[in-house]
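The values are calculated or read from the model by the stated rules, or taken from the named source; none is laboratory data. Note that the coordinates shown come from a computational prediction; the quantities given were computed from them, not determined experimentally. Heads up, the Cβs are rebuilt from the backbone with ideal geometry, glycines too, and the neighbour counts pull from every protein chain shown. Quick note on the areas: whole protein, heavy atoms, side chains included, nothing else; ligands and nucleic acids left out. Shrake-Rupley method; radii C 1.70, N 1.55, O 1.52, S 1.80 Å.
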Amino acid sequence: MTTAASTQIPGYVAGTWDIDPAHSDVSFTVRHMMVSKVRGRFGAFSGEIVTGDDLRSSTVTATIDATSIDTNNDQRDGHIRSADFFDVANHPEWTFRSTGVRADGQDHVLDGELTIKGVTKPVTLDLEVGGFGADAWGGTRAGFTATTTINRNDFGVDIAMPLDGGGMVVSDKVQITLEIQAVLRAG
């Protein structure tokens, strides 16, 4: 049976997909010193996407290696890995588990639970389905973009570093962007 949600996506394929880390990006942006933004990414992550017969019955599970943070500054990365921020010695892995996919007008939303530093909170990501298609190796690929903004304090990343003139060295709000390419499992 074809549904409205799946027919709106050209080439939609139901199945189980593995995230391809070589063609994906898990990144964030945070305001720094109240005047600019610093961007970072994680180099190691994995996940599984199961697209249902209808997009709304799809699921996602993913793991991020918090030790793989890269903000293009080794000293800053070391500090972020410390107990002041991510405490990777005790919490080296973050997880995401979807709880639902729903339509939002012409767009889609991915609801789920994000765990950082052992703290699990609900999150909502704006979801863009990039498409489905054959790859150069005889397989099938799918592309997705998901974005959200979280408050780092909600997840125990609550270091306070006030500036003399007001404001904080690192903002509470963190924008997260996921550019995901996934490969359909054979069989």
**Report entry** Residues that are open to solvent by 40 Å² or more (accessible area, probe 1.4 Å), part of a strand (DSSP E or B) and at pLDDT 70 or above, drawn from the range 1-35
**Finding:** Thr16, Asp18, Asp25, Arg31
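Can you tell me which residue in the range 153-187 is most open to solvent (accessible area, probe 1.4 Å), limited to those that are touching an Asp or Glu at 6+ places or on another chain (Cβ under 7 Å) and at pLDDT 85 or above? Explain how you work it out, then say what you get.
So in the range 153-187, the residues touching an Asp or Glu at 6+ places or on another chain (Cβ under 7 Å) come out as 153, 159, 179, 181-183, 185.
Narrowing further to those that are at pLDDT 85 or above: 179, 181-183, 185.
Numbers: Glu179: 81, Gln181: 53, Ala182: 0, Val183: 42, Arg185: 107 Å².
Only one residue fits best here, namely Arg185.
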Query raised in the report: Considering the range 40-94 alone, what residues qualify as being open to solvent by less than 40 Å² (accessible area, probe 1.4 Å), within 18 Å of Val30 (Cβ to Cβ) and outside any helix (DSSP H, G or I)?
Result: Gly40, Phe42, Ile64, Ile69, Thr71, Ser82, Phe85, Phe86, Asp87, Val88, Trp94
Report task. Among residues belonging to the range 116-144 that are under 28 Å from Thr67 (Cα atoms) and open to solvent by less than 30 Å² (accessible area, probe 1.4 Å), point out the one that is farthest from the chain's Cα centre (by Cα). Result -> Ala142
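Scan the range 97-110 residue by residue and report those that are open to solvent by 30 Å² or more (accessible area, probe 1.4 Å) and part of a strand (DSSP E or B).
In the first step, residues of the range 97-110 are kept if they are open to solvent by 30 Å² or more (accessible area, probe 1.4 Å); the result is 97, 99, 102-107.
Listed by number, the residues that qualify are Arg97, Thr99, Arg102, Ala103, Asp104, Asp107.
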